[in-house]
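The values are calculated or read from the model by the stated rules, or taken from the named source; none is laboratory data. None of the values given here were measured: they were computed from a predicted structure. Glycine gets a Cβ as well: all are built from the backbone with ideal geometry, and neighbour counts include every protein chain shown.
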Amino acid sequence: MFQTQQMQAKFFGAYEHSLDVKGRLTLPSKFRVLLKEKCFVTRSQYDDPCLVLWAQEDFFSFATSVHNQDLSNSSLRWNMRIWASEAFDLEADKAGRIALPLALRRFAGLEREVLVHGAIGTIELWSPESWSESKARAGK
């Protein structure tokens with residue numbers, strides 16, 4: 001979908017968490033510390049069926065790099081528009097929970113169980129079903 005850019009390696013490990021009835025997710029404490037008080041959530045920049053959490057500085061850096069690409073390509077322009085229009089900034093509450101927007105939860109198929117994966121420069125949120133299907137398609 002977009003050209004990638006280098007980000008600082010900081011998110012590793014996999015965790016199983018659950019959404020509460022209000023669509024809030026408690027992040028692993030080691031991830032919360034690195035995200036600080038604010039983060040962004042988007043669809044995957046790679047067209048994977050998951051959500052991505054970004055540290056604020058990484059989100060702005062990636063968005064700038066996307067904006068600086070050759071936008072004469074209408075497909076890239078539309079990908080950028082959709083990705084940006086569905087990006088939300090989030091703040092964790094005192095319990096370390098973030099409220100995931102309903103439209104993004106639906107896109108990623110997040111209903112109750114959520115696999116929280118460190119993806120080096122970002123954090124990915126997968127439904128268990130999508131993760132299993134994607135891994136199988138990748139032959140892993």
Quiz item: Condition test on Arg112, is it basic (Lys, Arg), touching a residue at least 12 places away in the same chain (Cβ under 8 Å) and in contact with a Ser or Thr (Cβ under 6 Å, 6 or more places away or on another chain)?
Solution: yes
Exercise. Considering only region 107-127, state which residues are outside any loop (DSSP other than H, G, I, E, B) and not acidic (Asp, Glu).
Key: Phe107, Ala108, Val114, Leu115, Val116, His117, Gly118, Ile120, Ile123, Leu125, Trp126
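For residues that are of a type outside the set (Phe, Trp, Tyr) and surrounded by fewer than 18 Cβ atoms within 10 Å (Cβ to Cβ), tally how many sit in region 25-59. Spell out the reasoning first.
Going through region 25-59, the residues of a type outside the set (Phe, Trp, Tyr) turn out to be 25-30, 32-39, 41-45, 47-53, 55-58.
Next, only the ones that are surrounded by fewer than 18 Cβ atoms within 10 Å (Cβ to Cβ) stay: 28-30, 32-34, 36-38, 47-49, 56-57.
Adding up the residues that qualify gives 14.
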Self-check item: Count - residues of region 81-122 that are over 11 Å from Leu53 (Cβ atoms), crowded, with 19+ Cβ neighbours inside 10 Å and among the polar types (S, T, N, Q)
Solution: 0
Quiz prompt | Among (1) touching a helix residue (DSSP H, G or I) at 6+ places or on another chain (Cβ under 8 Å); (2) assigned to a loop (DSSP other than H, G, I, E, B), the one test that Ser130 misses | solution = (2)
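Does Leu104 fit the bill of being assigned to a helix (DSSP H, G or I), modelled with pLDDT of 95 or more and of a type in the set (A, V, I, L, M)? Show your work before the answer.
Details: assigned to a helix (DSSP H, G or I): yes; modelled with pLDDT of 95 or more: yes; of a type in the set (A, V, I, L, M): yes.
Criteria met by Leu104.
Looking at region 51-71, can you tell me whether even one residue there is in contact with a strand residue (DSSP E or B) (Cβ under 8 Å, 6 or more places away or on another chain) and among the polar types (S, T, N, Q)?
Residues of region 51-71 in contact with a strand residue (DSSP E or B) (Cβ under 8 Å, 6 or more places away or on another chain): 51-56, 59, 62.
Retained after the next criterion (residues that are among the polar types (S, T, N, Q)): 56.
There is at least one residue in region 51-71 that is in contact with a strand residue (DSSP E or B) (Cβ under 8 Å, 6 or more places away or on another chain) and among the polar types (S, T, N, Q).
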